[in-house]
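Below is one structure, written out as structure tokens; the observations come after it.
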Amino acid sequence: MKKLHLCAAVLLSLAVPTLQAATPGDSVLLIHGGAGVVRSEMTPADEVAVRAVLELALRKGHEQLAAGKPALDAVTAAITVLEDDPHFNAGKGAVFTHDGRNELDSSLMDGATLKAGAVAGVHTVKNPVLLARAVMEKSEHVMMVGDGAEIFAKEQGIEQVDPAYFRTEKRWQQLQQALKEEAAGQAHADLETAKHFGTVGAVALDRQGHLAAGTSTGGMTNKRYGRVGDSPIIGAGTYANADCAVSGTGWGEFYIRAAAAHDICARMAYLKETPQQAGEAVINQIIPKLGGDGGAIVLGADGSLATPFNTEGMYRGWIGSDGVPHVALYSDEKLPSHPPAGAKP
Ligand code: ASP
């Protein structure tokens, strides 16, 4: 009897194609590093460094897709690179809260299963996106916050660091500036520091045709008492389903109120809008009308993508099946479209 089972298992494993051998489709990974690009503050050295790390994140994510791995792996790999780089407001280099701490938020969503994981207000987890993924895969929950999330990180063996790891002098000075502007009674819309959206995010389409999305952030400079923005809120800063994947960056309170990421996907589903049309409507009409600003990356199941934003620039880039990364920073820089015009999606 045992022998029979073994034979059946061997035959079955021969009959079932491996992941690698599944009919390969086109893959694409689209990333952002925040819509808070202030051109006058960029040194040539910063510019070179930011372009290089965006390309690295794209290549690391692409390695996963090229190996036939799921979109979720590409999203996780790309975000991990961006979290480790101090130029972005996520992981190392995160912005400071009002009382001088770093509190990190992240979320992930798998479009194939609609499973999601999120964490908020963590302060020792080196890569919050890995903890969000553990919440999704290793717990019965979708979201964990604060001390509970830290305990879960320890249980799961997720790397933890001294909170001082996240500190950079630039972010500390931004907090000092924000405190000064606040003391002078400036309104939020006039605050220089409010413009530093540096959240990171990624959306991917794998060779099996599945989508995923993820976002990671330090939130907003000078945020108060357990403030949580849109990035870890499924439907606000992150959303993915079978047809659409979105990651946002910007003034989080408005993204939450607009249910921005979900609204973009809903417009694509119900109004049959393209990623470009749905992204433009939410990012350039609905959110500014409420008083907010920022950007988003949007990817459709046919590989068409959009990167709408209403600020001076958004760190952004994509990589397709050919493994060639395309990166842009400013609003007057064009990214090539994907799939290329005239190509069969
Ligand atoms: N959306 C983030 C937040 O409000 C900030 C950002 O995009 O940089 O927490």
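The values are calculated or read from the model by the stated rules, or taken from the named source; none is laboratory data. These numbers were taken from a predicted model, which means no experiment stands behind them. Glycine gets a Cβ as well: all are built from the backbone with ideal geometry, and neighbour counts include every protein chain shown.
Return the residue satisfying two criteria in turn: it lies in segment 100-111 and is crowded, with 24+ Cβ neighbours inside 10 Å and among the small types (Gly, Ala, Ser), and of such residues it is nearest to Asp46 (Cα to Cα).
Here the answer is Ser106.
When only residues in segment 5-56 that are in a loop (DSSP other than H, G, I, E, B) and at pLDDT below 50 count, which is farthest from Lys69 (Cα to Cα)?
If we take residues in segment 5-56 being in a loop (DSSP other than H, G, I, E, B) and at pLDDT below 50, then Val16 is farthest from Lys69 (Cα to Cα).
Take the residues in segment 179-209 that are modelled with pLDDT of 90 or more and over 30 Å from Ser27 (Cα atoms); name whichever of them is farthest from the chain's Cα centre (by Cα).
Restricting to residues being modelled with pLDDT of 90 or more and over 30 Å from Ser27 (Cα atoms), the top hit is Lys180.
Got a number for residues in segment 260-270 being surrounded by fewer than 19 Cβ atoms within 10 Å (Cβ to Cβ) and either within 14 Å of the ligand (Cβ to nearest atom) or of a type in the set (Phe, Trp, Tyr) (or both)?
The total comes to 1.
Would you point out the residue of segment 71-99, among those that are surrounded by fewer than 24 Cβ atoms within 10 Å (Cβ to Cβ) and out of contact with any helix residue (DSSP H, G or I) (no Cβ under 7 Å at 6 or more places or on another chain), that is nearest to Thr238 (Cα to Cα)?
Top of the filtered list is Asp84.
May I ask you to list pairs of residues, at least six apart or on different chains, whose Cβ atoms are under 6 Å apart, with the first in segment 313-331 being closer than 14 Å to Gln64 by Cα and the second being part of a loop (DSSP other than H, G, I, E, B) and modelled with pLDDT of 95 or more?
Matching pairs, first to second residue: Ser321/Ser27.
Among the candidates Glu280, Glu273, single out the residue that is buried (at least 16 other Cβ atoms within 10 Å of the Cβ), part of a helix (DSSP H, G or I) and out of contact with any Cys (no Cβ under 7 Å at 6 or more places or on another chain).
Only one candidate qualifies: Glu280.
Looking at Ala57, Ala52, Ala118, Ala35, can you tell me which residue is among the hydrophobic types (A, V, I, L, M, F, W, C), surrounded by fewer than 22 Cβ atoms within 10 Å (Cβ to Cβ) and either within 24 Å of Met314 (Cα to Cα) or in contact with a strand residue (DSSP E or B) (Cβ under 8 Å, 6 or more places away or on another chain) (or both)?
Ala52
Consider only pairs whose beta carbons are under 6 Å apart and that are at least six residues apart or on different chains; among these, list those whose first residue lies in segment 251-279 and is farther than 22 Å from Gly36 by Cα and whose second residue is more than 16 Å from the ligand (Cβ to nearest atom) and in a helix (DSSP H, G or I).
Between residues of segment 251-279 that are farther than 22 Å from Gly36 by Cα and residues that are more than 16 Å from the ligand (Cβ to nearest atom) and in a helix (DSSP H, G or I), the close pairs are Arg267/Ala278; Met268/Ala278; Glu273/Arg267.
Confirm whether Gly91 is touching a residue at least 24 places away in the same chain (Cβ under 8 Å) and within 17 Å of Gly320 (Cβ to Cβ).
When the stated conditions are applied, Gly91 does not pass them.
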